[in-house]
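Some notes on the structure that comes next.
Here, each number is a calculation from the coordinates, and none is a lab measurement. Just so it is clear, the structure is predicted and the values come from calculations on it, not from any experiment. Cβ placement follows ideal geometry from the backbone for every residue including glycine, while neighbour counts extend to all protein chains displayed.
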Amino acid sequence: MQEFIRLRSKIFDIRPEDFNQLALSVYRFQYQHNPVYRKYVDLLGKNEEVKDICTIPYLPVELFKHHKIIIDLQEPADFFESSGTTGSLPGRHYFQDLDTYQKSYELGFRQAYGDPADWTIIGLLPSYLERRHASLVNMADGLMKLSGSPDNGFYLYNYQQLTAVLERLKAESKKVLLIGVTFALIELAEQFPGSYPNVTLIETGGMKGRGKERTREELHDLLSTRLNPGAIHSEYGMSEMFSQAYSLNNGIFYCAPTMKVIRRDPYDPLQLSTQPGRGNINVIDLSNLHSCSFLATMDLGEFYADNGFRVLGRSDYSDVRGCNLMMS
């Protein structure tokens, strides 16, 4: 447990130049204490080859649907659950305390947006509010507590009430951050168009089967035309991660201090690179100290030299090769 506490302290006092070395320390800790991850690495036969962040084995996020992925130092306190699509098996991200998650999302938020107390924070997250184990709701609620504004709050499908609140906050020149799931932002824009130059929208993705999928450019064009916000941003995260990346301009995401993305060859999942180019997105999330910090996602991305990345969509295949090693 002392090693966990030591690593956790380093993670939340991270310097960019120390990230890669700390990632290797976290890898060694999780290989020793995470039975599922250790078995996956051993099945690949890669433990002895780990020398840098491009030789670390990355666990397919699909395995969170089939295994309890957590270190063996104590029993999990709770879990976050992915939303998935109708009929699909959700993934569960087990954790041993919420404090680590709260420290992680606060650090990322402050890097992107400054002090939460400077904002009125509104959550338009109907599909998430209807689920008990939604990490996004937990994060938004925690940020609202840090904000302390009396006008903070969550909204389901009561768009008319939300519109009235937005109009009042505009008249009061309040600085508003509206965090919304894609389909709800579209419904708000189409049913109650307006002009809100004091509002920064953060779209978190997700149509949840409600209408056609749109490109980020199409979505932002619609929201810009119908709601006229001061800015439209995006958040990149998932229930299997404790950290987030934010796009504040041109759809290019930049990671929280506890997170880094690596390019994976679409045809060879063990071929990784930190160089610019296109490929699948692998994530290092040091905040996932309880579970697994090295994740292979199904997202396709464009990677840039300044460590920014763009999300291009999902892979055509359903599982990362290597996932089947653990399915039995």
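For this structure, a couple of remarks:
- Among 31-42, 252-263, the peptide with the highest mean count of other Cβ atoms within 10 Å heads the list, and the full ranking is 252-263, 31-42.
- Annotation: extensible slack from GLN271 through SER173 equals 30.2 nm (criterion: 0.36 nm per residue apart, minus Cα-Cα distance).
- A protection proxy built from the mean count of other Cβ atoms within 10 Å ranks the segments 165-173, 241-249, most packed first, as 241-249, 165-173.
- Relative contact order for region 146-201, counting Cα pairs under 8 Å that sit 6 or more residues apart, in percent: 42 percent
- Each Lys or Arg adds one and each Asp or Glu takes one away; over the other residues whose Cβ falls under 12 Å from the Cβ of PHE242, this sums to -3.
- The HN-Hα couplings worked out from phi for region 234-245 by the Karplus form 6.51 cos²θ - 1.76 cosθ + 1.60 (θ = phi - 60°) are 9, 10, 10, x, 7, 5, 7, 10, 9, 9, 10, 10 Hz, whole numbers, x standing for Gly and Pro.
- Cα-based shape type of region 206-256, given that a ≥ b ≥ c are square roots of the gyration tensor eigenvalues and the cut on a/c is 1.5: oblate
- Across the chain, C-alpha contacts under 8 Å between residues 6 or more apart give a mean separation that, scaled by the residue count, equals a relative contact order of 19 percent.
- Magnitude of the charge dipole, the chain, Cβ model with Lys/Arg +1 and Asp/Glu -1, debye to 20: 120 debye
- Among 183-190, 5-12, the peptide with the highest mean count of other Cβ atoms within 10 Å heads the list, and the full ranking is 183-190, 5-12.
- Sorted ascending by nearby beta carbons within 10 Å, beginning with the fewest, ARG226, ARG214, ARG264, ARG15 become ARG15, ARG214, ARG226, ARG264.
- Shape class for region 115-164, computed from the alpha carbon gyration tensor (a ≥ b ≥ c): oblate, with a/c not under 1.5 and a/b at or below b/c.
- Straight-line cross-link partners of LYS174 among the lysines, defined as a Cα under 20 Å from its Cα and at least 8 positions apart when in the same chain: LYS145.
- Reach of LYS46 by Cα under 30 Å, taken over lysines that are not fewer than 8 positions away in the same chain: LYS10, LYS65, LYS68, LYS260
- Normalised by the number of residues in region 114-192, the mean separation of alpha-carbon contacts (under 8 Å, six or more apart) gives a relative contact order of 46 percent.
- Tensor-based shape of the chain (alpha-carbon gyration tensor, a/c under 1.5 rounded, otherwise prolate or oblate): prolate
- Net +/- balance of residues flanking PRO229 in space, Cβ distance below 13 Å, scoring K and R +1, D and E -1: +1
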